[in-house]
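A.B. asks: Can you keep this structure in mind? I'll have questions shortly.
The values are calculated or read from the model by the stated rules, or taken from the named source; none is laboratory data. What you see is a predicted model, and the numbers here were worked out from it, not measured in a lab. Note that we place each Cβ from the backbone using ideal geometry, even for glycine, and neighbour counts take in every protein chain shown. Just so you know, the surface numbers come from the protein's heavy atoms only, side chains and all, with ligands and any DNA or RNA stripped out. Shrake-Rupley method; radii C 1.70, N 1.55, O 1.52, S 1.80 Å.
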Amino acid sequence: MPSTVKKIFSRIFKAIAWVIASVIVLLIVVALLIQIPAVQLKLTQKAVAFLEEKIGTEVSLDGIHISFPKNIVLEGLYLEDQQGDTLLYAGKFTVNTDLWALTRNEIQLNDIRLENTVGFVDRAENDSAFNFTYILDAFAGDSTAVPDTLEQKGWTFTLKNIALENIRLHYDDRLQGNRADVSLGVFGLEMKEFNLEKNIVRVEAISLSETTADFRQSKPPPPPENVDEKAADSAAAVIFSLEALTLQRVQLSYEQSVLGQVMRLALGEARVLAEKIDLPNQRIALESMVLRGTSLIYQQHQADTVLPAKESKAGQPWTITLHGLDLSDNDLRYHDFRKPHIEGSVDFSHLLVSGFTIEGRNIRYGTEGIHAELQNAAFTEQSGFALKSASGTIDIAETEATLEDLLVVTGNSRLQMAARAGFSSFRNIAQVYPEATVTADINQSFINVRDILYFQPTFTDSLPLRLQPDMNLHVDAAIRGTVNDLRITHLTFSTLSDTYLNTSGYIAGLPSKDLRMNLVLDKFQTTRADMEVILPDTLLPDSLHLPGWVNVEGAFKGTFEKADFNTLLTSDVGAIDIRGNLNVDSASALRGVDATVRLDNVAAGRILGKPDSVMGNLTMHAKLHSNGLTPEEMNGMFTAAVDSFSYNGYVYTDLKLYGTIRDQMLSTHA
């Protein structure tokens, strides 16, 4: 009995061994056979015949090459559409895979490479089907078949590398009015992890070069569809990361003829190195971003229609960090051809910016605030305005904003300043900014008139001054307090050879128009040479001679409608002291002016161009009181006392004049 059992088991083991050996031998034979050219030709013919019978249009394939168990190569695949036109020609399609993995329900795509391929996709204006839809329908299967309810093991899918080279695609959707022509030079994708079951897509590197794409829309874009929130949440749940993105020599163009929009991008070089991209939590952390030698153009033409404004919903804010930013030698153009071009100034409807450069680091944007360290910025605009350099640090938090070490240098001006603002909430800054604390300092700065004219070409038209484009206005200032209660510690202006102004004081009530001011003019000085430069020839008569130098001190306290003032002017031709109060409130019954004027040794003859023997110095004082503002309503009186006045060799002293103003008439008597 034991001997019989032993023989039975021995036969069973031998049978199993023969079966296993036969399978192995069969696989080896198949692996060897499919590498024989004749066998591969037969496979090619079978595959072509199957496809032609399945889809009903012409199919050709130059060859199939299988290197078991890793590589599959298709060469010269041609598909024809139902109109007899070319649908697809793939010069070479290579897949590096593991065919043994199919026995484990695994699809492993180690490398996918597509070369020398042309595709044509189109759809007629009166047809909802594309020229390839019939292929999808052919492989869709029988929708009436009884579904398989048996539980089957799912398939796993892995992907590592994709390479595309010399790919051309023509897309023409006449139903929707969309057209695209794409010529792809070289594209590379390297995956770090690809797991569809866990929604994980981790990309190690993406590269694209030598590529052009032209997109055109000839019909209005369709209205936006309602986004399924569950579908959006599912898409956002994908764990995506990208470590490196490289673009070189990429040209894109877009035209929306109905809306009159044209955009063109000629990208020289773009590189992005990422630390972490967390889409579900809306966080992006980048190590560096580089954009060089790139041109971006946007043109707005007359539109055939205007789309309704889209309603924007506030969502969860993104958090973005960037350690290093390098934008260099880029060009930006914007043209709104619906508006005329203004020559000689920065026309924001027709911008042409060249050499656009920004270098920055430690850039942060998110719920915690904004931070950026600007190392340099530069560009030149077609008007002639040029930003030579700019640097500084900006930091905006929930309760504070700072601007440190700002230095802006243009082709004509220089601005150096630092500022700080404190507020209760940045989110509600539009409501709380009047109570915000402010500290601002401007040092060693000057603004050139030409730079002002670049942005405000009519700036000098309304001024009773003749400002030369090459004039510099030097500025030095210190401001403290709150927006609605500002203290000007000092504000200094200087220009030309010897013109200088220094003021200080308080301004309360901003941003309303009912301002309350207490300003002190500590000093204003100028000379005849400077006044002759800035005063137009038509402003003063030829008979009036300007003094050699002028100093002015004064104060203003009150509002624009009611204020007290005093002014002391000294010069090489005498002194004038004016004090009083002014009420220009048209609703006030007390509107009018009260003023006292004193002239001390004013060389009237020199001012009027008369010899001293004809007209000498004048010393006098006067008072004016008037109700009303217009000549029709003015009602008042004045007194004047001439202490000393030399005229035609005679000195007049102790002369008194009295007068009244009423009914647009001035009456005087001594």
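A.B. asks: With (1) free of Cβ contacts under 8 Å to residues at least 12 places away in the same chain; (2) part of a strand (DSSP E or B); (3) open to solvent by 80 Å² or more (accessible area, probe 1.4 Å) as the list, and TYR658 as the residue in question, which single condition is left unmet?
C.D. replies: Here TYR658 meets the rest and fails (1).
A.B. asks: From the list LEU463, LEU473, LEU406, LEU467, pick out the single residue that is in contact with a helix residue (DSSP H, G or I) (Cβ under 8 Å, 6 or more places away or on another chain), free of Cβ contacts under 8 Å to residues at least 40 places away in the same chain and under 30 Å from PHE524 (Cβ atoms).
C.D. replies: After ruling out the rest, the residue left standing is LEU473.
A.B. asks: If you take the residues of segment 420-444 that are over 25 Å from PRO317 (Cβ atoms) and either assigned to a strand (DSSP E or B) or of a type in the set (Lys, Arg) (or both), which of them is most open to solvent (accessible area, probe 1.4 Å)?
C.D. replies: GLN444
A.B. asks: Give me the residue from segment 452-476 that is assigned to a strand (DSSP E or B) and under 28 Å from SER512 (Cα atoms) and, out of that set, least open to solvent (accessible area, probe 1.4 Å).
C.D. replies: Ranking the candidates gives VAL475 first.
To keep it simple, each residue is scored yes or no on (1) at pLDDT 90 or above; (2) closer than 30 Å to ALA303 by Cβ.
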| position | (1), (2) |
| --- | --- |
| GLU210 | yes, no |
| PRO220 | no, yes |
| GLU225 | no, yes |
| LEU242 | no, no |
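A.B. asks: Out of the residues in segment 508-536 meeting the condition of being basic (Lys, Arg) and over 30 Å from ALA436 (Cα atoms), tell me which one is surrounded by the fewest Cβ atoms within 10 Å (Cβ to Cβ).
C.D. replies: Once the filter is applied, the top-ranked residue is LYS523.
A.B. asks: Turning to a different aspect of this structure: Got at least one residue in segment 309-321 being open to solvent by less than 70 Å² (accessible area, probe 1.4 Å), under 21 Å from the mean Cα position of the chain (by Cα) and under 21 Å from THR211 (Cβ atoms)?
C.D. replies: no
A.B. asks: Of LEU415, LEU406, which residue is at pLDDT 95 or above, open to solvent by 50 Å² or more (accessible area, probe 1.4 Å) and touching a strand residue (DSSP E or B) at 6+ places or on another chain (Cβ under 9 Å)?
C.D. replies: Checking each option against the conditions leaves just LEU415.
A.B. asks: Hey, another quick one. Check SER646, SER586, SER613 and return the single one that is more than 60 Å from the chain's Cα centre (by Cα) and open to solvent by 80 Å² or more (accessible area, probe 1.4 Å).
C.D. replies: SER613
A.B. asks: For LEU403, state whether it is hydrophobic (A, V, I, L, M, F, W, C) and within 22 Å of ILE507 (Cβ to Cβ).
C.D. replies: yes
A.B. asks: Is it fair to say LEU150 is of a type in the set (A, V, I, L, M), farther than 25 Å from LYS54 by Cβ, at pLDDT 85 or above and in a loop (DSSP other than H, G, I, E, B)?
C.D. replies: Values: of a type in the set (A, V, I, L, M): yes; farther than 25 Å from LYS54 by Cβ: yes; at pLDDT 85 or above: no; in a loop (DSSP other than H, G, I, E, B): yes.
Taking the combined requirement at face value, the residue does not satisfy it.
A.B. asks: Would you please list the contacts, defined by Cβ atoms under 7 Å and residues six or more apart or on different chains, that run from a residue in segment 599-625 that is among the charged types (D, E, K, R) to a residue that is outside any loop (DSSP other than H, G, I, E, B) and crowded, with 17+ Cβ neighbours inside 10 Å?
C.D. replies: Matching pairs, first to second residue: ASP600/GLY574; ASP600/THR619; ASP612/GLY605; LYS623/PHE638.
A.B. asks: Looking for something under 24 Å from GLY56 (Cβ atoms), aromatic (Phe, Trp, Tyr) and modelled with pLDDT of 90 or more - is there at least one such residue anywhere in segment 164-175?
C.D. replies: yes
A.B. asks: Considering only segment 277-379, give the strands (runs of 3 or more DSSP E) lying wholly within it that have at least 3 residues that are of a type in the set (Asp, Glu).
C.D. replies: The qualifying strands (runs of 3 or more DSSP E) are 319-336.
A.B. asks: Considering each of ILE479, ILE447 in turn, give the residue that is among the aliphatic types (A, V, I, L, M), part of a strand (DSSP E or B) and under 23 Å from GLN382 (Cα atoms). Don't jump to the end; show me each part of the working.
C.D. replies: Working: ILE479 fails: under 23 Å from GLN382 (Cα atoms).
Criteria check complete, one pass: ILE447.
A.B. asks: Can you tell me which residues in segment 178-190 are surrounded by fewer than 17 Cβ atoms within 10 Å (Cβ to Cβ) and under 28 Å from PRO220 (Cα atoms)?
C.D. replies: Of everything in segment 178-190, those that are surrounded by fewer than 17 Cβ atoms within 10 Å (Cβ to Cβ) and under 28 Å from PRO220 (Cα atoms) turn out to be ASN178, ALA180, ASP181, VAL182, SER183.
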